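Below is one structure, written out as structure tokens; comments come after it.
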């Protein structure tokens, strides 16, 4: 590959993470690490002052696992039965449902966690699922600053707050992308395990096919089938029947009826609905964006662009192409940011890139205070930075080729 510097360094020392990003991340990391022990002791997280569970997403994981342990795994997808288990656990009512909608293999995780008391399961899940996320972010950036950026990334705070699986998703996507060039089998295992989030499965086969990464593709397929078979043996045919029976109802409730407020979802689909657009219009915007991103991905992954840019684009694209996207899912955006930083460490950072990444952190951090769909603009900013680096690299390569041609003449 021709060596070409696509972005001239303008901030900080070459080979160092810009200080402004480290400082912002450090402050946010301190807030995160200090808040949750304080909030737990102050009865603002997990349990309230009366000893009742605070209604939040993790309750559906524990409840589904409890139903599986009691020999009724298929009932986890039944909204009414699931809610009764949740009410008995929390000892207070709540509006709506914390519904279980994952494929049966994820019941292995849920049933393991449900063996423990609720608080231990909640805190343990947040803490231990964060470990591989930290390891992947450190590996991608290649600096200890990666740990600070990982903890300080605002979506991490939101993921811990509700006890969601953003760390696991980001770990698997980041691990797959980090391992792909050198450990394709391990990369395929990560991708196969990601099948617990099927909405992220649209682009990976397309990209792997375009890049002729057959080992990764076949390994992922084998792992996916093996997980499905194991869950069928463990939880029965009824669990798969229940999953496919309830998924259309879940889609109807959240994508058509908007039972979750639109501001909580961070996709272009939800943004169109948030500003008053119809469902049909929202789908048009979503599919046009998905098709455009898919084409761009194929072009980029078949090119000679630096791998860090390819990985950053794929991580970002997984978020742009799903209509069902919550703020905790944007931990995956941290993976894209990490690969962008990796590219900057190799070639230097432009001032506008650093300022734009600082804006991404600010937008995501503002969600708790503003209650606005700020996640989608943040994703677009990162995607725009990736496209800008791709264009700059191509221009630099073309200039180098022209210079070499001139010298030979």
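Side notes on the structure shown:
- In segment 68-84, residue surrounded by the most Cβ atoms within 10 Å (Cβ to Cβ) [restricted to those that are assigned to a loop (DSSP other than H, G, I, E, B) and over 27 Å from the mean Cα position of the chain (by Cα)]: 72
- Qualifying residue in segment 139-162 (condition: free of Cβ contacts under 8 Å to residues at least 60 places away in the same chain, within 30 Å of residue 348 (Cα to Cα), within 15 Å of the chain's Cα centre (by Cα) and in a helix (DSSP H, G or I)): no
- Listed by position, the helices (runs of 4 or more DSSP H) enclosed by segment 315-409 that each have at least 2 residues that are modelled with pLDDT of 95 or more are 331-347, 351-365, 375-408.
- Residue match in segment 186-203 (condition: more than 18 Å from the chain's Cα centre (by Cα) and at pLDDT 95 or above): yes
- Checking 94, 26, 108 one by one, the residue that is surrounded by fewer than 18 Cβ atoms within 10 Å (Cβ to Cβ), within 30 Å of residue 350 (Cβ to Cβ) and in contact (Cβ under 8 Å) with a residue 12 or more places away in the chain is 26 and no other.
- Scanning segment 134-177 for residues that are modelled with pLDDT under 95 and buried (at least 24 other Cβ atoms within 10 Å of the Cβ) yields a count of 0.
- In segment 85-115, the qualifying residues are those that are over 23 Å from residue 227 (Cβ atoms) and not in a helix (DSSP H, G or I), and the one that is nearest to the chain's Cα centre (by Cα) is 98.
- Residue 305 vs. criteria surrounded by fewer than 23 Cβ atoms within 10 Å (Cβ to Cβ), touching a residue at least 60 places away in the same chain (Cβ under 8 Å) and over 14 Å from the mean Cα position of the chain (by Cα): yes
- Selected residue (criterion: nearest to residue 140 (Cα to Cα)) from residues of segment 10-42 that are assigned to a loop (DSSP other than H, G, I, E, B), at pLDDT below 95 and out of contact with any helix residue (DSSP H, G or I) (no Cβ under 8 Å at 6 or more places or on another chain): 14
- Failed criterion for residue 46 (all others in (1) in contact (Cβ under 8 Å) with a residue 12 or more places away in the chain; (2) at positive phi; (3) more than 25 Å from the chain's Cα centre (by Cα) hold): (3)
- Only one of 282, 242, 270 that is free of Cβ contacts under 8 Å to residues at least 60 places away in the same chain and either closer than 30 Å to residue 107 by Cα or part of a helix (DSSP H, G or I) (or both): 282
- Residue check for residue 289: under 30 Å from residue 250 (Cβ atoms), surrounded by fewer than 20 Cβ atoms within 10 Å (Cβ to Cβ), touching a helix residue (DSSP H, G or I) at 6+ places or on another chain (Cβ under 9 Å) and modelled with pLDDT of 95 or more: yes
- Of 147, 168, 134, all but one fail to be in contact with a helix residue (DSSP H, G or I) (Cβ under 9 Å, 6 or more places away or on another chain) and closer than 30 Å to residue 289 by Cβ; the exception is 168.
The values are calculated or read from the model by the stated rules, or taken from the named source; none is laboratory data. None of these values were measured; they are calculated from a predicted model. Note that each Cβ is placed from the backbone with ideal geometry, even for glycine, and that neighbours are counted across all protein chains shown.
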